[in-house]
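This report refers to the structure that appears directly beneath it.
The values are calculated or read from the model by the stated rules, or taken from the named source; none is laboratory data. The structure presented is a predicted model; accordingly, all values stated were derived computationally and were not measured. Cβ atoms come from the backbone with ideal geometry, glycine included; neighbour counts cover every protein chain shown. Each accessible area value is taken on the protein alone, full model and side chains, heavy atoms only, with ligands, DNA and RNA left out. Shrake-Rupley method; radii C 1.70, N 1.55, O 1.52, S 1.80 Å.
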Amino acid sequence: MIETMEMPHQSVFDTQLVKGLVLDHGVRHPNMARRSQNCFIFVCNISLEYEKTEVNSSFFYSSAEEREAMIAAERKHVDDKVNQIIALKEQVCNEDTKPTSFVVINQKGIDPIALEMFQKAGIPAIRRAKRRNMERIPLACGGYAVNSTEDLTPDCLGWAEHVYEHTLGEEKYTFVEGVKNPFSVTVLIKGPNAHTIVQMKEALRDGQRAILNALEDKSLVPGAGAFETAAHLHLTGAFKQSVEGRAKIGVQAFADALLAIPKTLAGNAGHDAQASLIKLLEATRKAKEGEAYRAVGLDLSSDQDDALLSPETEGIWDNYR
């Protein structure tokens with residue numbers, strides 16, 4: 001699973017692949033650690049705050065003592081869940097010989113009192129994480145998301161070597177890196193403005209689509225204009241002679257249209273499009289007449305207009321469809 005994250009910062013050349021996660025929010029307590037090493041990752045979907053009931057309800061009491069007792073009982077329900085998480089942290093962090101940390105990522109809310117309890121226990125806590133991140137974190141870090149604090153075991157925990165927060169203006173980003181099995185990664189797209197970021201996202205999407213098409217088709221064709229040139233020669237040769245009437249005009253038009261690909265490649269590389277195309281057609285015709293046919297394409301890295309190469313040798317391939 002590949003997630004794309006935008007960061008309007010630095011240059012497009014600073015775009016990077018993060019073998020882990022990048023969350024677009026950070027911790028909410030000012031005294032929580034912004035950087036942790038060797039972290040156990042606890043992913044949960046547990047409400048650690050007061051919630052409004054689905055039906056109308058109210059307190060009825062006859063004295064101040066009864067009111068305080070009711071408030072304490074309601075608060076105890078949340079505190080017990082927080083204490084169970086803290087107890088799990090103390091269990092796993094004390095068992096390990098090297099210094100470890102414990103990070104909580106919760107899809108639901110965490111109220112200020114619970115945040116204070118986590119901070120005193122040395123646990124950075126992130127609240128209201130997006131649902132897509134809750135699905136990706138177990139894929140990257142291991143473990144699984146829990147919905148209850150009852151019977152917590154160390155098996156539910158993931159692992160990451162580094163968890164740190166990066167602040168950019170008013171935005172906060174949390175990086176989870178150094179995971180063991182990164183089945184989910186993040187492409188962090190950087191750019192100085194929105195236009196550059198949009199272009200980079202489109203280029204990335206096109207590249208991912210090309211890879212997906214190659215995996216689904218299980219086939220590739222030689223690139224660098226080699227396939228289009230060979231198809232042009234085949235259509236204008238034996239295939240054109242096999243059709244009759246007005247269909248020949250259509251075959252010729254389609255064959256000529258295929259040459260737009262090598263022409264565009266040569267022009268974008270600063271080469272003479274006509275000279276490059278003539279040389280490519282001649283070389284492809286000779287290759288087809290030879291005993292062992294090998295595809296011939298344009299060498300766009302050369303400063304010579306008539307420079308050619310073997311796409312198969314150089315590893316230049318195009319999608320089958």
Any residue in the stretch 41-54 that is among the polar types (S, T, N, Q) and open to solvent by 80 Å² or more (accessible area, probe 1.4 Å)?
yes
Condition met for Met32 (part of a loop (DSSP other than H, G, I, E, B) and within 32 Å of the chain's Cα centre (by Cα))
yes
Filtering strands (runs of 3 or more DSSP E) wholly in the stretch 97-198 for at least 2 residues that are within 22 Å of Asp79 (Cβ to Cβ) gives 101-106
Could we say that Lys98 is within 24 Å of Asn181 (Cα to Cα) and at pLDDT below 85 here?
yes
Being part of a strand (DSSP E or B), open to solvent by 80 Å² or more (accessible area, probe 1.4 Å) and either at positive phi or touching a residue at least 60 places away in the same chain (Cβ under 8 Å) (or both), is that true of even one residue in the stretch 7-19?
yes
So, Gly207, is that one more than 20 Å from the chain's Cα centre (by Cα), surrounded by fewer than 16 Cβ atoms within 10 Å (Cβ to Cβ) and without any contact (Cβ under 8 Å) to a residue 24 or more places away in the chain or not?
no
Of everything in the stretch 183-195, what is open to solvent by 30 Å² or more (accessible area, probe 1.4 Å) and over 11 Å from the mean Cα position of the chain (by Cα)? Give them in sequence order.
Pro192, Asn193, Ala194, His195
Taking the stated definitions as given, is Ser36 among the small types (Gly, Ala, Ser), more than 19 Å from Val78 (Cβ to Cβ) and open to solvent by less than 30 Å² (accessible area, probe 1.4 Å)?
yes
How about the stretch 132-158: which of its residues are within 14 Å of Leu21 (Cβ to Cβ) and surrounded by fewer than 17 Cβ atoms within 10 Å (Cβ to Cβ)?
Arg132, Met134, Glu135, Leu139
